[in-house]
Amino acid sequence: MKSVLSIIIYGCISILSISTLNAQHSFTLMPLGVYGGCDEGNLSAYLIAPVGDTAFVALDGGTIHDGLRAARRHHFFKMDPARFQRQRIIAYLITHPHLDHVSGLIINSPDDSRKDIYGLPFTIKTLKTKYFTWSSWANFADEGEQPALKKYHYVRLKEMQPTAIKGTAMQVTAFELSHAVPGRSTAYLVKSRQNYFLYLGDTGDDQIEQSHKLSGLWTAVAPLLKAGQLKGISIECSFPDQQPDEHLFGHLKPTLLMKNLAQLDSLAGGGGDRHPIQNLPVIIAHIKPAGSNEQTIHKELRQQNQLGVRLIFPKRGKKILL
Ligand SMILES: [Zn+2]
Ligand SMILES: [Zn+2]
């Protein structure tokens with residue numbers, strides 16, 4: 001009797017501790033791939049869902065299968081990775097059609113199930129006319145070259161218009177980014193209840209790109225940061241600071257990344273000793289890991305973190321709670 005009672009009490013405590021834990025977090029983020037090149041089994045792709053939910057959306061699809069195998073090794077799930085892809089990845093949100101953001105999606109498409117691919121029209125156009133064609137692969141989508149196999153349905157997002165992601169409890173708003181003019185990319189603001197996560201695809205700095213895309217984005221999300229509703233940001237940092245500005249090719253480096261975070265902080269009312277961005281989880285994505293670049297970027301970002309953001313260097317297959 002005593003042991004039954006203790007099991008019940010212990011069970012209640014465990015449930016309590018799980019729910020308190022969940023109450024502190026809004027999103028589960030699972031990196032399937034984190035780099036911006038060099039390693040084809042570890043390229044930009046992140047699963048996101050509200051905490052406790054198993055209906056995931058993939059933010060980019062650079063690496064799918066290798067990432068799912070890594071996630072299973074880390075006990076994120078037990079089932080076969082291909083089955084997880086079919087059943088638990090409900091949709092794809094693609095930031096731009098560069099191969100390091102879509103190759104995993106394309107390669108794994110024969111074994112995938114029916115689902116939607118979301119993107120701004122420029123992304124959908126390249127998927128439709130360059131990749132899901134019969135000369136480069138097979139047309140698994142529902143538009144473009146015939147015969148169309150109709151596994152994937154293209155959803156063209158309208159910029160700055162919140163859209164529900166079908167089959168999930170999330171909503172998304174797309175913002176266009178500048179990525180080596182005339183190249184373009186996308187930032188996705190994902191919403192679940194009153195919580196937000198901001199995922200930026202590849203992006204250059206406004207000054208270098210002669211653009212206002214990033215400052216427009218910071219202006220749009222600053223009120224969320226101020227209100228404590230922004231739970232994290234994923235932003236790229238492809239190169240170390242020694243990379244000359246003229247060779248950034250539409251990417252960021254530590255000084256530029258920190259300059260942008262400072263801009264967001266000040267738009268949210270930061271200044272002097274007060275920094276609304278302090279302790280905000282900032283996931284550093286898309287490092288190009290040539291030579292010792294990765295360690296250098298980590299070091300440079302830590303040295304320049306006067307704002308006190310919570311720097312997170314994601315690892316393929318290791319869950320992040322936000
Ligand atoms: Zn990229
Ligand atoms: Zn790119």
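The values are calculated or read from the model by the stated rules, or taken from the named source; none is laboratory data. Only a predicted model underlies this, so the values are computations on that prediction, with no experimental measurement involved. Heads up, the Cβs are rebuilt from the backbone with ideal geometry, glycines too, and the neighbour counts pull from every protein chain shown. Only protein heavy atoms, including side chains, enter the accessible area calculation; ligands, DNA and RNA are left aside. Shrake-Rupley method; radii C 1.70, N 1.55, O 1.52, S 1.80 Å.
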Mind listing whichever residues of segment 89-105 are in contact (Cβ under 8 Å) with a residue 40 or more places away in the chain, within 15 Å of ligand 1 (Cβ to nearest atom) and open to solvent by 10 Å² or more (accessible area, probe 1.4 Å)? His98, Asp100, Ser103
The lone exception for Thr296 - which of (1) away from ligand 2 (no atom under 16 Å from the Cβ); (2) touching a residue at least 60 places away in the same chain (Cβ under 8 Å) it fails: (2)
Cross-chain or 6+ apart pairs with Cβ under 8 Å, segment 302-321 first and at positive phi, then open to solvent by 40 Å² or more (accessible area, probe 1.4 Å) and of a type in the set (Phe, Trp, Tyr): Gly317/Phe76
Restricting to segment 13-32, what's the tally of residues that are farther than 19 Å from Thr54 by Cα and either modelled with pLDDT of 95 or more or in a strand (DSSP E or B) (or both)? 0
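Please determine whether any residue of segment 188-201 is touching a Lys or Arg at 6+ places or on another chain (Cβ under 7 Å) and within 16 Å of ligand 2 (Cβ to nearest atom). So that I can check it myself, show each step before the final result.
Residues of segment 188-201 touching a Lys or Arg at 6+ places or on another chain (Cβ under 7 Å): 195-197.
Adding the requirement that they be within 16 Å of ligand 2 (Cβ to nearest atom) leaves none.
No; the residues of segment 188-201 include none that is touching a Lys or Arg at 6+ places or on another chain (Cβ under 7 Å) and within 16 Å of ligand 2 (Cβ to nearest atom).
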In segment 260-303, which residues are buried (at least 16 other Cβ atoms within 10 Å of the Cβ), out of contact with any strand residue (DSSP E or B) (no Cβ under 6 Å at 6 or more places or on another chain), farther than 17 Å from Pro223 by Cα and not aliphatic (A, V, I, L, M)? Lys288, Asn293, Thr296, His298, Glu300
Members of segment 183-210 that are open to solvent by 40 Å² or more (accessible area, probe 1.4 Å) and either within 16 Å of ligand 1 (Cβ to nearest atom) or of a type in the set (Asp, Glu) (or both): Arg184
Could you list, in sequence order, the residues of segment 155-182 that are within 16 Å of ligand 2 (Cβ to nearest atom), touching a residue at least 12 places away in the same chain (Cβ under 8 Å) and loosely packed, with under 15 Cβ neighbours inside 10 Å? Val181
All but one of (1) touching a strand residue (DSSP E or B) at 6+ places or on another chain (Cβ under 9 Å); (2) under 29 Å from Arg193 (Cα atoms); (3) open to solvent by 20 Å² or more (accessible area, probe 1.4 Å) hold for Arg83; state the number of the condition that does not hold. (1)
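Listed residues Pro244, Pro223, Pro281; which is modelled with pLDDT of 95 or more and over 20 Å from Tyr188 (Cα atoms)? Break it down into steps so the answer makes sense when it comes.
Details: Pro223 fails: over 20 Å from Tyr188 (Cα atoms); Pro281 fails: over 20 Å from Tyr188 (Cα atoms).
Among Pro244, Pro223, Pro281, only Pro244 is modelled with pLDDT of 95 or more and over 20 Å from Tyr188 (Cα atoms).
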Looking at (1) in contact (Cβ under 8 Å) with a residue 12 or more places away in the chain; (2) surrounded by 15 or more Cβ atoms within 10 Å (Cβ to Cβ), which is the only condition Phe77 fails? (1)
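Looking only at segment 171-181, which residues are at pLDDT 95 or above and either more than 19 Å from Ile48 (Cα to Cα) or within 16 Å of ligand 1 (Cβ to nearest atom) (or both)?
If we filter segment 171-181 for residues that are at pLDDT 95 or above, which is where we start, we get 171-180.
Correct list: Glu176, Leu177, Ser178, His179, Ala180.
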Segment 304-322, residues that are assigned to a loop (DSSP other than H, G, I, E, B) and open to solvent by 50 Å² or more (accessible area, probe 1.4 Å): Gln306, Lys315, Arg316, Lys318, Lys319
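Find the residue count for segment 121-154, including only residues that are out of contact with any helix residue (DSSP H, G or I) (no Cβ under 8 Å at 6 or more places or on another chain), open to solvent by 10 Å² or more (accessible area, probe 1.4 Å) and of a type outside the set (Lys, Arg). Break it down into steps so the answer makes sense when it comes.
From segment 121-154, those out of contact with any helix residue (DSSP H, G or I) (no Cβ under 8 Å at 6 or more places or on another chain) are 121-126, 128-130, 133-135, 139, 142, 145-150, 153; that's our starting set.
Applying the additional criterion that residues be open to solvent by 10 Å² or more (accessible area, probe 1.4 Å) yields 121-122, 125-126, 128-130, 134-135, 142, 145-150, 153.
Checking which are of a type outside the set (Lys, Arg) leaves us with 121-122, 126, 129, 134-135, 142, 145-149, 153.
Going through segment 121-154 one residue at a time, the tally reaches 13.
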Unmet requirement for Leu252, which otherwise passes all of (1) farther than 19 Å from Gln303 by Cβ; (2) within 20 Å of the chain's Cα centre (by Cα); (3) within 16 Å of ligand 2 (Cβ to nearest atom): (1)
Being touching a strand residue (DSSP E or B) at 6+ places or on another chain (Cβ under 6 Å) and part of a helix (DSSP H, G or I) is the filter here, so list the residues in segment 53-73 that pass it. Gly67, Ala71
